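Undergrad: The structure follows.
The values are calculated or read from the model by the stated rules, or taken from the named source; none is laboratory data. Quick caveat: nothing in here was measured; it's all calculated off a predicted structure. Ideal geometry is used to build each Cβ from the backbone, glycine not excepted, and the neighbour counts take in all protein chains shown.
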Amino acid sequence: MLPIALLVCSNLFMTMAWYGHLKFTDKPLWQVILASWAIAFVEYCFAVPANRFGFLHGFTVGQLKVIQEVITLLVFAGFAVFVLGEKLKWNHGAAFLCLVAAVAFVFMDKLKA
């Protein structure tokens, strides 16, 4: 589905914009801020159409937000492990299950219809 694919792309760029600079702590802060802004611009080029297309094709704003949060957690977890070398713990899994529950709750009205 196009909105979800665009949200995945958006989150890949935003995670890089927010956390990618942690790999470059030797660079001046002003440089990483400018680089992050440039990356965030690309992120918006995916996020805005994702939300527009999703809304126009039947998702509610709440559904789009919860979908985005789940994607964010998945992308961030992968980034933390594969780029920053962090380890996932049980509480990360528990948080993910809570977000899955949020998805179920936000889509519950569609299941009844």
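Undergrad: Can you tell me which of (1) modelled with pLDDT of 90 or more; (2) crowded, with 17+ Cβ neighbours inside 10 Å; (3) of a type in the set (A, V, I, L, M, F, W, C); (4) farther than 13 Å from residue 11 by Cβ is the one residue 75 doesn't meet?
TA: Going through the list (1) modelled with pLDDT of 90 or more; (2) crowded, with 17+ Cβ neighbours inside 10 Å; (3) of a type in the set (A, V, I, L, M, F, W, C); (4) farther than 13 Å from residue 11 by Cβ, residue 75 breaks only (4).
Undergrad: Can you tell which of 58, 62 is of a type outside the set (Val, Ile, Thr) and either assigned to a helix (DSSP H, G or I) or surrounded by 14 or more Cβ atoms within 10 Å (Cβ to Cβ) (or both)? Can you show your working first?
TA: On the way: 58 fails: either assigned to a helix (DSSP H, G or I) or surrounded by 14 or more Cβ atoms within 10 Å (Cβ to Cβ) (or both).
On inspection, the qualifying residue turns out to be 62.
Undergrad: Here's another thing I want to ask about it. crowded, with 16+ Cβ neighbours inside 10 Å, under 17 Å from the mean Cα position of the chain (by Cα), in a helix (DSSP H, G or I) and of a type outside the set (S, T, N, Q): does that describe residue 81?
TA: no
Every residue, every condition in (1) over 24 Å from residue 108 (Cβ atoms); (2) in contact (Cβ under 8 Å) with a residue 24 or more places away in the chain; (3) of a type outside the set (A, V, I, L, M), yes or no:
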residue: 18; (1), (2), (3): yes, no, yes
residue: 22; (1), (2), (3): yes, yes, no
residue: 41; (1), (2), (3): yes, no, yes
residue: 49; (1), (2), (3): yes, yes, yes
residue: 58; (1), (2), (3): no, no, yes
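Undergrad: Can you find even one residue in segment 28-38 that is in a helix (DSSP H, G or I) and closer than 19 Å to residue 65 by Cα? Reasoning before the result, please.
TA: Residues of segment 28-38 in a helix (DSSP H, G or I): 29-38.
Subset that is closer than 19 Å to residue 65 by Cα: none.
No, there is no match, as no residue in segment 28-38 is in a helix (DSSP H, G or I) and closer than 19 Å to residue 65 by Cα.
Undergrad: Additional query: Where residues in segment 9-32 are surrounded by fewer than 16 Cβ atoms within 10 Å (Cβ to Cβ) and closer than 19 Å to residue 79 by Cα, which of them is farthest from the chain's Cα centre (by Cα)? Quick ask: steps written out before the conclusion?
TA: Keep residues of segment 9-32 that are surrounded by fewer than 16 Cβ atoms within 10 Å (Cβ to Cβ), which gives 18-19, 22-31.
Okay, now just the ones that are also closer than 19 Å to residue 79 by Cα, so 18-19, 22-25.
Numbers: 18: 11, 19: 12, 22: 18, 23: 19, 24: 22, 25: 23 Å.
Once the filter is applied, the top-ranked residue is 25.
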